[in-house]
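Remarks on the structure that follows.
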Amino acid sequence: MAQPVKILVCGDVEGKFTQLFNRVTTVHKKNGPFEMLICVGEFFGRDFEEWQNVVDKKLQPPLPMYILGPSKTENEHYYQRLTDGDISENITYLGSQGVLATGSKLRIAYFVKQEGPSTATDVERFITPIMNETGFKGVDILLTSKWPQGVTKFAGQPIGGISPNFESKFISQIALALRPRYHFCGLEGAHYERLPYRNHQILAEKAVHVTRFIALGKVGNDDKQKWLYAFGIQPMSTLDRSELTKQPADATECPYTLDLLNQIEKTDSSNSQQYFYDMSAPSQRNEGRKRPHNDSRSQRSAPKQMSQDKCWFCLASPDVEKHLVVSIGDGVYVTIAKGFIVPDHVLILPIGHFQSVLTLSKETLEELEKYKSALVKYFKSKGKVVVFFERNYKSQHLQIQVVPLPEKCDAYIKDTFLDSAENQNINLVEIPKHTEIQQVINVGKPYFLVELPSGDKLLCTTMGREFPLQFGREVLASRGLLNKAERADWKACQCSREEEEMVANRFRKQFEPFDFTV
């Protein structure tokens, strides 16, 4: 197996050549040797004397350095005498866009647009020849000065946010199309390392490599934002598929979607017939087929609503058993489960009528997650772990079942579910912890989802006619876990109203210190 190639990447230099080269020299001696130094963002600044020292070879980096074209018009004059090629013995100007193929077999794509908007034509001219290369899988590294719009989706926000002037939908499209293993940006003056994201759809496509997005601060900034990044990378062409497609435990869904590409079309009014590459299928990625933007596959059907007075679980319904309710939020409430497995078995439900998690509004979904977090903390104080499961099959109203188990059961929960599923020919598969169900299931499709105390998730989407409606209860009530097999069917576990009220009152009082609605 080939050795990793060691690379240094810096953020905007803005003419601080002495500070940059001194720091790189120290890192190169201590942790090198590094093969190259790459600058993302602006290389030049207003200090003409520093630049003259570079021209006169009084200042030089200790290793080969690559810079990109200007992003700001104020720095264009530095490039007027330059063509793509060497600025000095150790500094190479790559130009504004292209692909650098290194002697170590790395493929580094770069795209820089001067101030002013990019166009769909600019992007297509850039990505088309790269994607049409024989055996295209992606690129090792992508360099862009601007940030891709939407990159923080499914991940934390950078401190201070992002300036709209320095993010671009077109950069998002480039990242989506070229599938870099590393994507570096500058300009924003902020250091931000996003969780790695997948470049394939779970359960719909074969696994491919992940992308790591890293933005760097300005060289020598006063805010102590990281501006020099060292890493090792094995060229994609030297890795076998199993090694290349390993999925980190913290990988998230891809933050860029077909909806984003549809928005890009609207910004390019100068070319109403513009086509983009379809990222929804592996064969189209590799074969360079095209599709128009009005592809109906990207449209989600709106969920059908039913009258709340006909549903047992809508809080406005006259049939809802309000004596079981223990907490009410703005859009979600918690109630003791009818025919509970154990007395502190509860349900989380939306107040309005929604069939599944897929149809919830952003605000309602956020409140649901707050309830889940509060319940985990509550049960932890009782020495218990929690299993959440949802069955969106032959059900009309979303119900998140919340079942606590003794901590000693934690090590056996996943295997018990998987073994039970295998014994009943149920296709229950594990999906990554950070996968959101909204990203892998379309509205209207039935599914069964389990969230385990470890954060692991188990999903079934092939719901045949024989799928057992009490499957979740059966597994948790089994001998290997709660050992309450007689309570697998809720209809056989009903008790008197007085007992239900007693259970609800006790839970409500004990949960109150953890209830964010109080």
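Shape analysis of region 417-518 based on the Cα gyration tensor places the equivalent ellipsoid semi-axes at 29, 21, 14 Å, largest first. Relative to the Cα centre, the charge distribution of region 354-489, modelled as +1 at Lys and Arg Cβ and -1 at Asp and Glu Cβ, gives a dipole magnitude of about 320 debye. Candidate values (i) 1.22; (ii) 1.08; (iii) 1.17 were compared with Cα Rg over 2.2 N^0.38 Å computed on the shown model; the agreeing label is (iii).
If R0 is 60 Å, the Cβ-Cβ spacing of Glu49 and Lys246 corresponds to a FRET efficiency of close to 0.80.
Our summary gives the chain a relative contact order of 11 percent, counting only alpha carbon pairs under 8 angstrom and 6 or more residues apart. For region 396-437, applying the loop criterion from DSSP together with a ceiling of 16 other beta carbons within 10 Å to the trypsin sites (Lys or Arg not before Pro) yields Lys433. Bridges between two residues of the chain, per DSSP, are antiparallel at a rate of about 70%.
The mean sequence separation of alpha-carbon pairs under 8 Å and at least six residues apart, normalised by the residue count of region 308-514, gives a relative contact order of 23 percent.
Each part gets one Cα centre, and for region 478-518 versus region 339-371 those centres are 16 Å apart. Angle between the Cα long axis of helix 497-511 and the longest principal axis of the chain, 0 to 90 degrees, nearest 10? For 497-511 against the chain, the angle is about 30 degrees.
Cysteines in the chain that lack a partner Cβ within the 4.7 Å cut-off: Cys10, Cys39, Cys185, Cys254, Cys409, Cys460, Cys493, Cys495. For the pair Glu474 and Gln201, label points projected 7 Å from Cα toward Cβ lie 3.1 nm apart.
Considering only Cα atoms, the convex hull volume of region 340-428 works out to 119 Å³ per residue. Placing a label point 7 Å from the Cα of Val342 along the Cα-to-Cβ direction, the residues of region 374-399 whose backbone N falls under 18 Å of that point are 374-390. For the chain, the 222 nm mean residue ellipticity estimated from helices alone, with every DSSP H stretch of n ≥ 4 adding -39500 (n - 2.57) and the total spread over all residues, rounds to -7000 deg cm²/dmol.
Among the listed pairs Lys384/Lys509; Lys394/Lys445; Lys105/Lys218; Lys484/Lys509; Lys6/Lys29, those whose Cα-Cα separation exceeds 20 Å are Lys105/Lys218; Lys484/Lys509. Once both axes come from the Cα atoms, what is the angle between helix 362-381 and the longest principal axis of the chain, in degrees from 0 to 90, rounded to 10? The answer is roughly 70 degrees.
Computed from the coordinates by the stated procedures, all read-outs in this text should not be read as laboratory data. Here the structure is a predicted model, which means the values were calculated and not measured. Virtual Cβ from ideal backbone geometry, glycine too; neighbours counted across all protein chains shown.
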